[in-house]
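Worksheet for the structure shown next.
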Amino acid sequence: MRDGSNDVPNDVPNDVLNDPDQHGSPPGTFPFSAVVGSDDLTLALVLTAVSPEVGGVLVRGEKGTAKSTMVRGLAAVLPRQQVVAGCRFGCAPGDGAGCPDGPHDPDAAAGTRAARLVELPIGATEDRVVGSLDLERALGRGETAYQPGLLAAANRGILYVDEVNLLHDHLVDLLLDAAAMGRNTVERDGVSVSHAARIVLVGTMNPEEGELRPQLLDRFGLTVEVAAPREPALRAEVVRRRLAFDASPAAFAARFEDDQEALRGRIAAARSRVGTVTLTDEMLTRIAVVCAGFEVDGLRADIVTARAAVAHAAWSGRTVVTVADVRAAARLALPHRRRRNPFDSPGIDEDLLDELLGDDEPDPEPDPGPGDGGEPEPADHDHDHDRDDEAQPSSSSETARTDGQESPRQPEPQHAELEPGLGEGSEGVDGVESEVPAASAVSAADEPYRAKLLRAKGIGQGDPGRRSAALTSTGRRVGSTTARTGPVHVPATIRAAAGRGATGDRSGRLRVLPGDLRRSVLQGRESNLVLLCVDASGSMAARKRMEAVKSAVLSLLLDAYQRRDKVGLVTFRGSDAELTLPPTGSVDIAARRLRDLPHGGRTPLAEGLGTAFDTLRVERLRDPNRRALLVVVTDGRATSGADALGRAARVATRLRGEGVESVVLDCESGRFRMGLAARLAEHLGAEHLPVGELAASAIVGAARMPRPTGRAA
């Protein structure tokens, strides 16, 4: 996690930032034009550079795909800017209306600077982003003055957020609002300021580490999915260039300087041309047809597609938008806006896109040069999902079940016969294993439902979320501290100064010294680690029990998604347990692993609990502040190995001794029950939820609000 060490200092003069004496890339920056194999990303970044009104770019993809390299290289090919000397907000000459440092003299001296690239650290606070009260002037001279933040530093440049999905939601909201409005307004700590914040917002993220809410996804103008190339020749060229750059950055940059200069000139020409491009009514209608055909919500998609199409036409040297421009824009503006439910797959059906656009005009020949709008065959990405924050899955056949088929829940038969179909390792009513062999099978999930909240006890200090009480950077004020960061607690600061019993001058006014400063302690809610420990043995197949289990786990995943939790999945069957999914922020991956989870075989309960214990121990070392909730989904039977039940009880007692908060979902059914899951809950010190309550309760907190059939909850 980054800290504030990468922040751009507010007192750095505009005319010396980003190496103003040359057009080339800053030392150590890989040239933008030297990147190969990322045509869609190149095009998206260029379109946003040509027309910042497009709304920025979100780059989604696996690690090691040059996401950060390309974003950092973009600043070096942007045209240089004229700025008013001494303006902290980088105003252009004659464009200082409403500037806190203005009004600027039209004849004021002006200099030039390279376009800024400001990186926003994940650990940045709100006051560092938007700006705040200048404490040095406030405490030293008694003046109320504004200290600009990162949005001011990035004005007319690029604001880059690496791992934007790990940034707190309220900061992402703030950034996107500023990018959309082009201004930053601050009303806090006695400061009332509004300044220009015309930024190109670029975020990168690895979906395996968690997703952005769809409301935030929608605010990014364009989204690109990137993956490493699969062609050996292209991969070899990528490695060849990287090795050459590492061996001699200066020589490598010089090799591509002509390409950089040509790209810089082409972007400048496109910027000057974009205002003259004509978007005809016919093309505007086609954009509306495409957006309606893909059933995107709202009108932002139409607006962004139109702006991107105009930028693409300008980039391609045209003065009238064509079908090719609309197609290129739609491929980048629509995929992340098509999702309806948290576990829906992203992407765009290009055959449908071509059908909606029609083909009554020939596609123009693409102009040569990097990022010319040529569209390579899209990679097949089925591993990312866009999600809706508070949306619940509908009961339609598309979302109610993971296999896409409806299957109404059947009432459980009430009889005392032995449970059929248990497969290998199944037990009768006396707990003795049968010898009936059976192959592994995969059950579909039943309909998920809303889950009630289960909070961890006490006050934590984990990452902000929506589950358990914790001390966080946002929330209600519950006290004060002498920490060096955070919002100022004015009453506590005054009390500290008054406690010294000294006044500053003859007037008797109280003098506040830096040592008197107090910061607010805020209590909000944190996210937790929800670790699922799921019994996938043969006994779980009885009476379609596994369908209900998967439905409950999907409900838990949906709840964990909404509450910003990390999730992990441990499964046990046969003779061993497996960490099927290490703890991650992406509940989509967990849902896919659950969907394909087979069942059958014996029940190694002790091994499952042991794997959960080891996983939680490692995660506690990795992130000591994140508290865990262990959810054990089982009927309590243990049939694998000697003294299976005794070993399981001992591991459960060990988990309880470590202070792990747990819930046991008892999946035992039938008239005659052994009560083994209830005994397991006693050993764990866990809440026990019988299977009879499953239809009206979720694992997390025994929720009692099942989703009504045929409508969203």
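The values are calculated or read from the model by the stated rules, or taken from the named source; none is laboratory data. The model shown is predicted, which means the values in this text are computed figures rather than measured ones. Glycine gets a Cβ as well: all are built from the backbone with ideal geometry, and neighbour counts include every protein chain shown. The protein model used for the area step is the full one, side chains on, heavy atoms only, and it has no ligands, DNA or RNA in it. Shrake-Rupley method; radii C 1.70, N 1.55, O 1.52, S 1.80 Å.
Go ahead and run the numbers for FRET between residue 354 and residue 231, Cβ-Cβ distance against an R0 of 35 Å, rounding to 0.05.
In this case the efficiency is close to 0.90.
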Given a 1.4 angstrom probe, what's the average accessible area per residue across region 37-148, in square angstrom?
37 Å²
What does the extension gain come out to for residue 457 and residue 108, with contour length at 0.36 nm per residue minus their alpha carbon separation?
119.5 nm
Counting only protein heavy atoms and a 1.4 Å probe, tell me what percentage of region 198-271's accessible area is made up of carbon and sulfur.
58 percent
For region 573-588, 3J(HN,Hα) per residue [Karplus equation, 6.51 cos²θ - 1.76 cosθ + 1.60, θ = phi - 60°, Hz, x = Gly/Pro]:
6, x, 10, 8, 10, 9, 7, 5, 9, x, x, 8, x, 9, 6, 5
Taking the Kirkwood radius as the inverse of the mean 1/r across Cα pairs, report the Rg/Rh of region 74-136.
1.04
Could you sort 237, 208 by accessible area so the largest value comes first, with the probe set to 1.4 Å?
208, 237
For region 261-359, the spread of Cα positions along each principal axis, largest first, Å:
44, 29, 23
Using a 1.4 Å probe, what is the accessible area per residue for region 543-615, in Å²?
26 Å²
Rounded, prolate or oblate: which one fits region 215-294, using the alpha carbon gyration tensor with axes a ≥ b ≥ c (rounded when a/c is under 1.5, else prolate when a/b beats b/c, else oblate)?
oblate
Rounded to the nearest angstrom and ordered from largest down, what semi-axes does the equivalent ellipsoid of region 156-260 get from its C-alpha gyration tensor (root of 5λ)?
36, 20, 12
